[in-house]
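J.: Would you mind keeping the following structure in view while I ask a few things?
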Amino acid sequence: MISESAATAVDPQISRLARVTARAGAPLPPAETGLLPARSQAAGTLRRLHEVALVQFGERGFHAVSVRELTGELGLQASSLYAHVASKQDLLADLIRLGHEEHRDQLRLALLEAGSEPAEQIAALTRAHVRVHATYPLLTRVCNRELGSLREDQRGDVLAIRLDSERLFLDVIERGQRLGAFHALDAMLAVAAIGAMGIRVAEWWHPDVGVGIEELAETYAEFAVKILG
């Protein structure tokens with residue numbers, strides 16, 4: 001039997017894969033760029049509340065966190081929450097909307113700055129998609145895990161933003177099909193596949209796995225172009 005240490009000595013890729021596997025379910029360290037994107041307008045106690053909620057919701061799940069636990073982190077009484085937001089659910093909705101708007105706008109910017117060729121455009125979209133999930137892993141985890149915890153009206157608003165983002169990918173892929181640049185048989189499934197592999201980045205990526213965000217984004221962009229053939 002070959003020991004794990006011997007196997008990693010033979011194949012360094014196994015060592016990298018082991019580090020990725022070890023990240024599964026592990027708490028995330030504070031993001032170097034901050035927990036919230038620059039677009040967040042929250043300040044003072046409300047910002048601190050957003051950050052505490054993001055960490056708690058991301059690590060334990062929305063339903064497992066009480067109002068008392070959220071405000072207790074800030075040294076406040078539970079009733080103090082309602083001076084800043086209408087409810088715990090509205091606090092979640094604010095975070096999920098923020099994350100989806102940041103993602104959509106980063107995709108739009110990437111597309112505006114890309115060339116005219118469909119392959120260039122899909123690569124630019126994929127790079128932006130991956131960057132957002134690697135840069136704000138807690139926020140994107142909450143965005144993707146807790147959609148079902150929103151009220152129907154809140155969820156509808158967020159899904160409209162999400163669909164805008166997905167349409168950016170779909171429009172480029174369908175144009176690429178018309179031009180003969182892409183040969184994927186089902187454009188919707190291609191969007192789902194590219195989207196899913198980027199979303200998973202928030203679950204496993206960390207600098208200690210041995211690949212930086214830009215290298216990761218570029219590699220995934222190459223994967224996306226190859227998926228489309």
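The values are calculated or read from the model by the stated rules, or taken from the named source; none is laboratory data. Quick caveat, the model's predicted, so the values are computed rather than measured. All Cβ positions, glycine included, derive from the backbone under ideal geometry; neighbour counts span all protein chains shown.
J.: Among what's in region 196-217 and is of a type in the set (D, E, K, R) and loosely packed, with under 15 Cβ neighbours inside 10 Å, pick the residue that is farthest from ARG178 (Cα to Cα).
T.: ASP208
J.: Please determine, by comparing only the residues of region 79-92 that are in contact with a Ser or Thr (Cβ under 9 Å, 6 or more places away or on another chain) and of a type in the set (A, V, I, L, M, F, W, C), which one is nearest to HIS50 (Cα to Cα).
T.: Just the residues of region 79-92 that are in contact with a Ser or Thr (Cβ under 9 Å, 6 or more places away or on another chain), to begin with: 79-81, 83-84, 88-89, 92.
Imposing the further condition that a residue be of a type in the set (A, V, I, L, M, F, W, C) reduces the set to 81, 83, 92.
Working: LEU81: 11, ALA83: 14, LEU92: 9 Å.
Looking at residues that are in contact with a Ser or Thr (Cβ under 9 Å, 6 or more places away or on another chain) and of a type in the set (A, V, I, L, M, F, W, C), I get LEU92.
J.: For region 99-127, enumerate the residues that are in contact (Cβ under 8 Å) with a residue 40 or more places away in the chain and aliphatic (A, V, I, L, M).
T.: Once the filter is applied, which keeps residues that are in contact (Cβ under 8 Å) with a residue 40 or more places away in the chain and aliphatic (A, V, I, L, M), region 99-127 yields LEU107, LEU111, ALA119, ILE122, ALA123, ALA124, LEU125.
J.: For region 170-199, name all the residues that are touching a residue at least 60 places away in the same chain (Cβ under 8 Å) and either among the aliphatic types (A, V, I, L, M) or out of contact with any Pro (no Cβ under 9 Å at 6 or more places or on another chain) (or both).
T.: Within region 170-199, VAL172, LEU179, ALA181, ILE194, GLY195, GLY198, ILE199 qualify.
J.: Related question: Taking into account only those residues within region 170-190 that are among the aliphatic types (A, V, I, L, M) and more than 27 Å from the chain's Cα centre (by Cα), which is nearest to VAL225 (Cα to Cα)?
T.: Restricting to residues being among the aliphatic types (A, V, I, L, M) and more than 27 Å from the chain's Cα centre (by Cα), the top hit is ALA181.
J.: Just to be sure I understand the filter: pairs with C-beta atoms under 8 Å, separated by 6 or more residues or on different chains, first member in region 132-160 and without any contact (Cβ under 8 Å) to a residue 12 or more places away in the chain and within 28 Å of GLU218 (Cα to Cα), second member aromatic (Phe, Trp, Tyr) and in a helix (DSSP H, G or I). Which pairs pass?
T.: Every condition considered, no pair remains.
J.: Does GLU51 fit the bill of being crowded, with 19+ Cβ neighbours inside 10 Å and either under 25 Å from the mean Cα position of the chain (by Cα) or β-branched (Val, Ile, Thr) (or both)?
T.: yes
J.: Modelled with pLDDT of 95 or more, surrounded by 19 or more Cβ atoms within 10 Å (Cβ to Cβ), of a type in the set (Val, Ile, Thr) and under 17 Å from the mean Cα position of the chain (by Cα) - does that describe any residue in region 110-126?
T.: Yes, the conditions are met somewhere in region 110-126.
J.: May I pose another question? Within region 76-94, can one find any residue that is crowded, with 17+ Cβ neighbours inside 10 Å and of a type in the set (Phe, Trp, Tyr)?
T.: No: region 76-94 contains no residue that is crowded, with 17+ Cβ neighbours inside 10 Å and of a type in the set (Phe, Trp, Tyr).
J.: Can you name the condition, by its number, that TRP204 falls short on among (1) within 21 Å of GLN13 (Cβ to Cβ); (2) more than 14 Å from the chain's Cα centre (by Cα)?
T.: Only one criterion is unmet by TRP204, namely (2).
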